[in-house]
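Report on one structure; see the data block that follows.
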Amino acid sequence: MLSDKDLDLIFREARSFSTWSDRKVSEVTLQAIYDLMRWGPTSANCSPARLVFLASDEARERIKPHLSPGNMDKVMTAPVTAIIASDSKFYDRIPELLPHNPDAREWFSGDEKLAAETAFRNSTLQGGYFIIAARALGLDCGPMSGFNPDGVNAEFFPEGQVKANFICALGYGKPEDLFPRSPRLGFDDACQIL
């Protein structure tokens, strides 16, 4: 079981950051994030998330025209921004990823609607695992959806098979720039036990 300190790091005291220190994020750390997140469960182990890490000034310039104005500085000053995307043909890897039932590929390959829903839902799950992994490794995150997905897809995924889900700035945030934490819904407001 994780300690309270660990849970604070990942959830209770973790914040979404918009401003960043100059401290770099290493490629080794980016690999470690992926190596943790990939173990989270997905439907039929389909693992549709595909990540692009924008770690250079040139890469950030490529996404800049597709960002909403409110997210421009968050991305352009972050040491790294990840595009969390989904592979619409994730099912082609199912024989490898679900070796005890390789025929599960057919569940999705013949049903475009089911495949699209599965890719989006499970890449979103994997994006959540990504944030938890990054926080567990001591990074701060700034997840956001304020961007033009068509523009990002054309720029980074022109073949059309992979589509952006959301983006997440990564680095070491500046806590002095945070505003007071916003409240969250309590259990009784958001949950039912039937």
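The values are calculated or read from the model by the stated rules, or taken from the named source; none is laboratory data. What you are looking at is a predicted structure, and each value in this text was computed from that prediction instead of being measured. Cβ coordinates were reconstructed from backbone atoms using ideal geometry, including for glycine residues, and neighbour counts include every protein chain displayed.
Odds and ends about this structure:
- Residue in region 149-167 that is closer than 23 Å to Leu30 by Cα and in contact with an Asp or Glu (Cβ under 7 Å, 6 or more places away or on another chain) present: yes
- Residue match in region 83-105 (condition: closer than 18 Å to Ala136 by Cβ, at pLDDT 95 or above and in contact with a strand residue (DSSP E or B) (Cβ under 7 Å, 6 or more places away or on another chain)): yes
- Pairing residues of region 75-104 that are in contact (Cβ under 8 Å) with a residue 60 or more places away in the chain with residues that are part of a helix (DSSP H, G or I), at Cβ distances under 6 Å and at least 6 apart in sequence or on separate chains, gives Thr81/Val75; Ile84/Gly127; Ser86/Ala119; Ser86/Phe120; Ser86/Ser123; Ser88/Ala119; Ala104/Ala44; Ala104/Ile94.
- Complete set of residues in region 129-171 that are touching a Phe, Trp or Tyr at 6+ places or on another chain (Cβ under 7 Å) and of a type in the set (D, E, K, R): Asp140, Lys163
- Just so you know, in region 1-32 the residues that are among the acidic types (Asp, Glu) and not in a helix (DSSP H, G or I) include one that is surrounded by the fewest Cβ atoms within 10 Å (Cβ to Cβ), and it is Asp22.
- Hey, Ala164 buried (at least 19 other Cβ atoms within 10 Å of the Cβ), in contact with a Pro (Cβ under 9 Å, 6 or more places away or on another chain) and either under 28 Å from Ser16 (Cβ atoms) or not β-branched (Val, Ile, Thr) (or both) or not: yes
- Among (1) farther than 22 Å from Asp35 by Cα; (2) hydrophobic (A, V, I, L, M, F, W, C); (3) assigned to a strand (DSSP E or B), the one test that Leu185 misses: (3)
- Residues that are among the β-branched types (Val, Ile, Thr), in a helix (DSSP H, G or I) and under 18 Å from the mean Cα position of the chain (by Cα), drawn from region 58-104: Ile63, Val75
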